[in-house]
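J.: The structure under discussion is supplied below as structure tokens; questions concerning it will follow.
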Amino acid sequence: MLLHFSKYQGTGNDFVMLDGRKRNFDFLTRDQIVWLCDRRFGIGADGLIILKNHSTVAFEMQYFNADGNQSSMCGNGGRCIARFFHDLGDATDKFSFWAIDGLHKVQITEKSVQLKMANVTDIERVGEDFFLDTGSPHHVAFVDKMPDNDFVIKAKAIRHSEKYKAEGVNVNFVEVQEKGLKIRTFERGVEDETLSCGTGVTACVLASKVAGKMTDNLVDVQAQGGQLQVAFGQSTNGFEDIWLIGPAQKSFEGTVNITEF
């Protein structure tokens, strides 16, 4: 069975894109999605995203992690599918789409895709760390110096700790720098470090504001795969008008022969 796909990436966070507006991809099995995302046997990606029709907004985003399971919101994935839709020639520079966590607004320029994230009203302190949901659940730990070789080991221990045993969590280590933040992220579903994570970047910025480590409402964040920005406003209920800003680009497109598993 032949599938036409496009490959997009946002600061190194990469995704297989399928246009499902005229073709239904509900037949894809978990094993097939795992195979498509495999970097040795398939196309290779952190996740797979299907662009679907929606009755009231531009489209619906359906996101699957590299483990083949449908997952919570992916910020960079949202920015990439917005660029994908725009590249198909069916959009103006401003539009809205629907994802698993609700409505998202988008503003597109030649160099960046700006994605409005969901409001955040609850940030929990976990010892000296923080837990918050920015569309996906994140544990944020501030460190004086970013761990090197043992980052994945330390992050995996938190991801599988008793507190997060039931649902799992994404784990972010944050180093506060003179201008902005430096972060590394371990993603559940990928079960490894990714070069960037949009909801993780957002979580780190908001946690840094609560912790008093950042005063500005526009923060630069250096992920492993490149730089992003987060702009936000505050209210009595928490954070609102949150925008994830950065590049999102097409890598290549092609046709893959997918077999049954």
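J.: Under 17 Å from Ile123 (Cβ atoms) and either assigned by TED's automatic domain parsing to the domain that holds Gln70 or of a type in the set (A, V, I, L, M) (or both), is that true of Ala223?
T.: no
J.: How many residues, within region 133-145, are surrounded by fewer than 23 Cβ atoms within 10 Å (Cβ to Cβ) and within 21 Å of the chain's Cα centre (by Cα)?
T.: 4
J.: Residue by residue through region 172-215, note down the ones that are assigned to a loop (DSSP other than H, G, I, E, B), crowded, with 16+ Cβ neighbours inside 10 Å and in contact (Cβ under 8 Å) with a residue 60 or more places away in the chain.
T.: Arg188, Gly189, Val190, Leu195, Ser196, Cys197, Ala211
J.: Ala231 fails exactly one of the following numbered conditions: (1) aliphatic (A, V, I, L, M); (2) farther than 23 Å from Asp87 by Cβ; (3) buried (at least 19 other Cβ atoms within 10 Å of the Cβ). What is the number of that condition?
T.: (3)
J.: I've got another one for you. Residues Gly200, Gly189, Gly168: which one is assigned by TED's automatic domain parsing to the domain that holds Val143, within 13 Å of the chain's Cα centre (by Cα) and modelled with pLDDT under 95?
T.: Gly189
J.: Only one of these conditions is not met by Glu162: (1) out of contact with any strand residue (DSSP E or B) (no Cβ under 9 Å at 6 or more places or on another chain); (2) surrounded by 23 or more Cβ atoms within 10 Å (Cβ to Cβ). Which number is it?
T.: (2)
J.: Give just the number: which of (1) closer than 18 Å to Ile100 by Cβ; (2) of a type outside the set (Asp, Glu); (3) touching a Phe, Trp or Tyr at 6+ places or on another chain (Cβ under 6 Å) does Gln114 not satisfy?
T.: Only one criterion in (1) closer than 18 Å to Ile100 by Cβ; (2) of a type outside the set (Asp, Glu); (3) touching a Phe, Trp or Tyr at 6+ places or on another chain (Cβ under 6 Å) is unmet by Gln114, namely (1).
J.: Inside region 216-232, can you point out the residues that are among the polar types (S, T, N, Q) and part of a loop (DSSP other than H, G, I, E, B)? If you could, list the steps in order and put the result at the bottom.
T.: Initial filter on region 216-232 (among the polar types (S, T, N, Q)): 217, 222, 224, 227, 229.
Within region 216-232, Asn217, Gln224 qualify.
J.: Name the one entry in Ala82, Ala45, Ala58, Ala91 that is small (Gly, Ala, Ser) and assigned to a helix (DSSP H, G or I).
T.: Answer to the check: Ala82.
The values are calculated or read from the model by the stated rules, or taken from the named source; none is laboratory data. Only a predicted model underlies this, so the values are computations on that prediction, with no experimental measurement involved. Note: ideal-geometry Cβ built from the backbone for every residue, glycine included; neighbour counts use all protein chains shown.
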